[in-house]
1. Quick check: Cα centre of region 257-315 to Cα centre of region 127-191, how many Å?
2. Taking the Cα atoms only, what angle lies between the long axis of helix 390-405 and the longest principal axis of the chain, rounded to 10 degrees?
3. Given 0.36 nm per residue, what is the gain on full extension from Asp317 to Asn274 after removing their alpha carbon distance, in nm?
4. How would Lys87, Lys179, Lys215 rank on accessible area, largest to smallest, probe 1.4 Å?
5. Which one of His33, His357, His295 has the biggest mean-square fluctuation once the chain is modelled by GNM with Cα springs under 10 Å?
6. Can you tell me the 0 to 90 degree angle between the C-alpha axis of helix 31-46 and the longest principal axis of the chain, rounded to 10?
7. Could you work out how far helix 236-252 tilts from the main Cα principal axis of the chain, as a 0 to 90 degree angle to the nearest 10?
8. For the chain, give me the percentage of DSSP beta bridges that are antiparallel, rounded to the nearest 5 percent.
Amino acid sequence: MRFGNRLMQQAEDLSQFSQSEIGLTRTYLTAQHRQAGDYLLALMREAGMQADYDALGNVVGHYAGTDPDAPAIISGSHMDSVVNAGKYDGLFGVLSAIACVRDLHERGIKLAFPLEVVAFCDEEGVRFNVTMIGSAALSGHFDPAWLTRMDAEGISMSEALLAFGGDPAAWGPLRREVKRVACFIESHIEQGPVLLNEGYAVGVVTAIAGCTRVKISLAGLAGHAGTVPMPGRRDALAAAAEMTLAVERVGLERADRVVATVGKFEVAEGGAVNVIAGAVSFTIDLRSGDDAARHEALQTLRAALAEIAQRRGVTLDWQQFYALDAAPRDAGLQMQLAQAITHCGLEVRHLPSGAGHDAMQFAAATPTAMLFVRCGNGGISHNPLETMTADDAETATRVLLHFIEHFTLN
Ligand code: HGY
Ligand code: MN
Ligand code: MN
């Protein structure tokens, strides 16, 4: 095995850089970001790359090509995690790309195209509620207003960047010139059951689902739990609970094409056992591979929540804070990826991605492709039970390497 065991060990090593005692949580611009970044820098340098942090905390490695005019192949994924995460979400795409460059370096091979490997600093958006910060910067979608976003402790992204050693004023030059990028290829665990259930080690991603995220804030009337009669209460928590079920219902009624989730639910000041909740907020994450279906579901949901708010006498504030359209993958690159899979003696399975990925940020101007690798435990992810095998890590890295070595411009 050229890659699999080493890659699994590296993922194990990196999982120790966690903000939580139990499980893995690694968020943007923390000491754990630095620890994992330093580990990845060392791997990149060992693999023959010039590597360093950029101004926003991305970890970027460069492997020169033989043709100074050739555009670069960029490969990578994110190095941050959700709360209580698995070990492979994001990092598999970084480690497999590094392993490919290391293999070329050890064989003394330089390709015509320069190679860039990127560990994106923040894709999950846990700390500042802004997702895909690193890939947005490289693809020209960074919004400087994000720098004023505060974390739960009231620290702004700009302050955290300065404390990390980054430079909040230097995000502009991170944008890659479109003509200097040949393609972006991301390998990633599937985070679902399809490859596992159908017996495929890897798959070619056809499209990444579009996603809209909304923060709902409800204001009712706080009151004494013992003295306020049931009829006529303006209970923000009960209203939020009914709305949460409405989110689930809208998703279930469109289960063939939409998923809808309430992932965060907060009672102001934590609530109290003997107080009718006056203020509650929650988040909605609504996705579909079909943008029209997502928009229809969102409108239906918005009307349903408004009716509940009106009937229950609570006010509803609807703050959409994220929206990305479905992003089909480049057909030519899908074909090259399929050829790499065939070359490795495997059947080709095409499938969509319900999860969002950094590759979405590049799709508007750069040919992008994604390679999925099977995960175990029913495909579970965003959960410490997330798992994959060294054999599949080996297979996926061989496919990625073949794709990179035989890449041709469309
Ligand atoms: O939410 C997602 O799909 C990704 O894990 N950020
Ligand atoms: Mn994730
Ligand atoms: Mn991911």
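The values are calculated or read from the model by the stated rules, or taken from the named source; none is laboratory data. Please read all numbers here as calculations on a predicted model, not as lab measurements. Cβ: placed from backbone, ideal geometry, glycine included. Neighbour counts: every protein chain shown. When the accessible area is computed, the model is the full protein with side chains, heavy atoms only, and any ligands, DNA or RNA have been set aside. Shrake-Rupley method; radii C 1.70, N 1.55, O 1.52, S 1.80 Å.
1. Between the Cα centres of region 257-315 and region 127-191 lies a distance of 28 Å.
2. Rounded to the nearest ten degrees, it is 60.
3. Details: separation 43, 0.36 × 43 = 15.48 nm, distance 2.54 nm.
This chain segment gains 12.9 nm when fully extended.
4. On the way: Lys87 70, Lys179 145, Lys215 95 Å².
The residues order as Lys179, Lys215, Lys87, largest area first.
5. His295
6. The angle comes out near 20 degrees.
7. Helix 236-252 sits roughly 50 degrees off the main axis of the chain.
8. Details: 43 of 62 bridges.
In the chain, DSSP labels about 70 percent of beta bridges as antiparallel.
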